[in-house]
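Structure first, then comments.
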Amino acid sequence: MKKWALTILLLAGCAPEHDGTVILETADPDAVQLDGKHDGFAEKIKKEADSIETIYDTAVIKGKDQLLVAYKVRHLDRFKMKDIEKDLDKRIQEMESTEEVVVSSDYKIFLEAVRLKEDMEAGHLTEEEANKRLSEIIKLKKEMA
Amino acid sequence: MKPENYKKLASKYEPKKPVFKNCIRAFWTGGLICIIGQAVSYFFIFFFNFTEQTVGNPTVAFMIFLSMLLTGFGVYDRLGQFAGAGSAVPVTGFGNAVISAAIEHRSEGFVQGVGGNMFKLAGSVILFGVFSAFIVALIKSVF
Amino acid sequence: MIAMFFWAFVIGGLICVIGQLMMDVGKLTPGHTLSILVVAGAVLAGFDLYEPFVDFAGAGATIPITSFGNSLVAGAMSEAEKHGVVGVLTGMFEVTSSGISAAIVFGFIGAIFFKPKG
C-alpha cells in the first residue's frame, strides 16, 4: 500500500507544473529566431525536420551562431534513435553550414527550448539573454553521462 | 534449522512451485518498480538540470535510498517473499542486498560486522559484472 | 511520456520474469541469477544492443540489474576511446559509480539507524 501512495506522490510531483504538458502531448512550438534577421530561416528548418516521418514534434531555436533542433521520435521508432539523429543532422547540415548545428531528441532539451520560447514571448528576455540561455542549453546537451 | 531438515522441507514444497503465478507477480512488481524509477527520473528532468542522458545516476541513487527505508522498516523483505525476482532484479534489490547485510551484521561492530559483510550477497554481482565488462570492453576496444 | 511509462513497465517486468524463470525453472539461486543477468547486460552492451533498449524503455531498461553490466561497459568504452586499452580498466566505474556509492553510503546509514529484524 505504501508503494502505491509513493507512486501517486511521485506522479503528482510532475503534474502541476504547467509546462509538463510539453512532454505529455504534441507542443509544436513556433520556431524562434534570435539573430535579428527575419528571413524565416528557422521556420524552414522546422519544416524540414517535421518532414521526417519518424519525428512528430520539433522545437527550433536559431541563435547568433548556434542552431538547436529538439525533436521527439514516435515511440516505436525509438529503437532507431541513432539513425534518425544522423539523418536529421545530415539534412540540416546540407541546408546551412554557417552555424554550429545541435540536434537532440532528449526530453530535457525539448523542455528547455519550449521554456526559452515561452519566456521570450512573455517578454522576460532580451535577445542577448536569450542567446546566452541557448548556449547554456547546448552546453547541457553536450554534457554526457 | 539443520540443513537436512531444510532439504526435506524444501523438497516437500518444490514440486508444486507455481511458476506461472510467480512470473505474473514478478512481472507486475518489477514493472511497477520501473515505473517508479521512470517517474523519479522525470522528476529530476523537470525540476533539476538533468537530461535523459545524465539522469540515470541520481535516479539510481534515489531508488537505493528508497530501498534503504523499505529495508530498514522490514517492508522490502516481505515484498521479496511475494514478488521473488520482481523485487530482486531491479537495482533496489541490489540496494536491499547490501543494506540488509549491513543492518544484520551491525551487532558484530562497524568494522568487522558492517564493513566486512556489506557485500556478502551483492559482491558476486559486482565481481561478475566488472569482470565480464572488462572482457567485453577489452575485446571491443582491441578490434 | 505515457508510452514511456507503459514500455518501462512492460520491458522492466519482462526482465524480472526472465529472472523468475531462471530461479524457478532453471533452479538457480538468486545470486547466480543476478550474476548471469549482469553478465548478459555487459554482453548485450558489447554488441551495442542495450542502448536502443534504454532509448525505447527508459527506466524499464535502466532500473533492472542488467543495466549495471551495460553501464560498466559504457564507462570502460568511453574512457578507452580517450586513453586506449588502459581506459578499459580506469573508466569502468565512470557511469556506474552512483549505484555502488549510494549502496555503500545508505547501507552504512541504514546500519546506524535501523535494528535488524527477526
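Given the conditions (1) in a loop (DSSP other than H, G, I, E, B); (2) open to solvent by less than 50 Å² (accessible area, probe 1.4 Å), and given that residue C:42 satisfies all but one, which numbered condition is not satisfied? If we test residue C:42 against (1) in a loop (DSSP other than H, G, I, E, B); (2) open to solvent by less than 50 Å² (accessible area, probe 1.4 Å), just (1) comes out false. Being over 25 Å from residue C:78 (Cα atoms) and β-branched (Val, Ile, Thr) is the filter; apply it to the range B:99-143 and report the residue that is nearest to the chain's Cα centre (by Cα). It comes out as B:99.
If the condition is being over 23 Å from residue B:58 (Cβ atoms) and in a helix (DSSP H, G or I), then the range C:67-110 contributes C:80, C:81, C:82, C:83, C:86, C:87, C:88, C:89, C:90.
Examine the range C:75-82 for a residue that is closer than 19 Å to residue B:40 by Cβ, open to solvent by 30 Å² or more (accessible area, probe 1.4 Å) and not hydrophobic (A, V, I, L, M, F, W, C), and state whether such a residue exists. The answer is no, given that none of the residues of the range C:75-82 is closer than 19 Å to residue B:40 by Cβ, open to solvent by 30 Å² or more (accessible area, probe 1.4 Å) and not hydrophobic (A, V, I, L, M, F, W, C). When you check residue B:94 against the structure, is it open to solvent by 40 Å² or more (accessible area, probe 1.4 Å), part of a helix (DSSP H, G or I) and on the phi < 0 side of the Ramachandran plot, yes or no? Here the answer is no, as residue B:94 does not meet what is asked.
Selection of the range B:69-98 for residues being at the interface with chain C (Cβ under 7 Å from one of its Cβ atoms) and among the hydrophobic types (A, V, I, L, M, F, W, C) yields B:85, B:88, B:89, B:91, B:94, B:98.
Inside the range C:62-99, residues that are within 7 Å of chain B (Cβ to nearest Cβ) and under 13 Å from residue B:91 (Cα atoms) make up a count of 8. Just one of (1) free of Cβ contacts under 8 Å to residues at least 12 places away in the same chain; (2) under 13 Å from residue C:65 (Cα atoms) fails for residue C:37. It is (1). For the range A:62-74, taking the residues that are within 14 Å of another protein chain (Cβ to nearest Cβ) and surrounded by 16 or more Cβ atoms within 10 Å (Cβ to Cβ), the one that is nearest to residue A:129 (Cα to Cα) is identified as A:68. Do you know which residues across the range A:51-61 are open to solvent by 10 Å² or more (accessible area, probe 1.4 Å) and outside any loop (DSSP other than H, G, I, E, B)? If the condition is that a residue be open to solvent by 10 Å² or more (accessible area, probe 1.4 Å) and outside any loop (DSSP other than H, G, I, E, B), then A:56 is the only one that fits. Among residues of the range B:97-109 being assigned to a helix (DSSP H, G or I) and not hydrophobic (A, V, I, L, M, F, W, C), the one that is surrounded by the most Cβ atoms within 10 Å (Cβ to Cβ) is B:100.
Of the candidates B:32, B:66, the single residue that is more than 9 Å from chain C (Cβ to nearest Cβ), open to solvent by less than 60 Å² (accessible area, probe 1.4 Å), in a helix (DSSP H, G or I) and modelled with pLDDT of 95 or more is B:66.
Scanning the range A:86-119 for residues that are surrounded by fewer than 16 Cβ atoms within 10 Å (Cβ to Cβ), among the charged types (D, E, K, R) and under 17 Å from residue A:47 (Cα atoms) gives A:87, A:89, A:90, A:94, A:96. Here the range C:1-14 is the region considered, the condition is being open to solvent by less than 20 Å² (accessible area, probe 1.4 Å) and farther than 15 Å from residue A:78 by Cα, and the residue that is nearest to the chain's Cα centre (by Cα) is C:12. Please verify whether the range B:41-58 includes one or more residues that are surrounded by 18 or more Cβ atoms within 10 Å (Cβ to Cβ), more than 7 Å from every other protein chain (Cβ to nearest Cβ) and touching a Gly at 6+ places or on another chain (Cβ under 6 Å). No, that holds for no residue.
So which residues in the range C:46-66 are of a type in the set (Gly, Ala, Ser) and either within 11 Å of residue C:11 (Cβ to Cβ) or open to solvent by less than 10 Å² (accessible area, probe 1.4 Å) (or both)? Working first, answer last.
Pass one, the range C:46-66, residues of a type in the set (Gly, Ala, Ser): C:46, C:57-61.
Within the range C:46-66, C:57, C:58, C:59, C:60, C:61 qualify.
Against the criterion of being under 21 Å from residue C:53 (Cα atoms) and within 14 Å of chain C (Cβ to nearest Cβ), residue A:106 qualifies. Within the range C:15-31, one or more residues are open to solvent by 30 Å² or more (accessible area, probe 1.4 Å) and of a type in the set (Ser, Thr, Tyr).
From the set of residues in the range C:14-32 that are touching a residue at least 12 places away in the same chain (Cβ under 8 Å) and facing chain B (nearest Cβ under 7 Å), which is farthest from residue A:105 (Cα to Cα)?
If we filter the range C:14-32 for residues that are touching a residue at least 12 places away in the same chain (Cβ under 8 Å), which is where we start, we get C:15-16, C:18-19, C:22.
Still in the running and facing chain B (nearest Cβ under 7 Å): C:15-16, C:19.
Numbers: C:15: 26, C:16: 28, C:19: 32 Å.
By that ranking, first place goes to C:19.
Among the conditions (1) modelled with pLDDT of 85 or more; (2) in contact with a helix residue (DSSP H, G or I) (Cβ under 7 Å, 6 or more places away or on another chain); (3) among the hydrophobic types (A, V, I, L, M, F, W, C); (4) within 30 Å of residue C:74 (Cβ to Cβ), the only one that residue A:130 does not satisfy is (4).
The values are calculated or read from the model by the stated rules, or taken from the named source; none is laboratory data. The shown structure was predicted, so the numbers you read here are calculated from the model rather than taken from an experiment. Note that each Cβ is placed from the backbone with ideal geometry, even for glycine, and that neighbours are counted across all protein chains shown. Just so you know, the surface numbers come from the protein's heavy atoms only, side chains and all, with ligands and any DNA or RNA stripped out. Shrake-Rupley method; radii C 1.70, N 1.55, O 1.52, S 1.80 Å.
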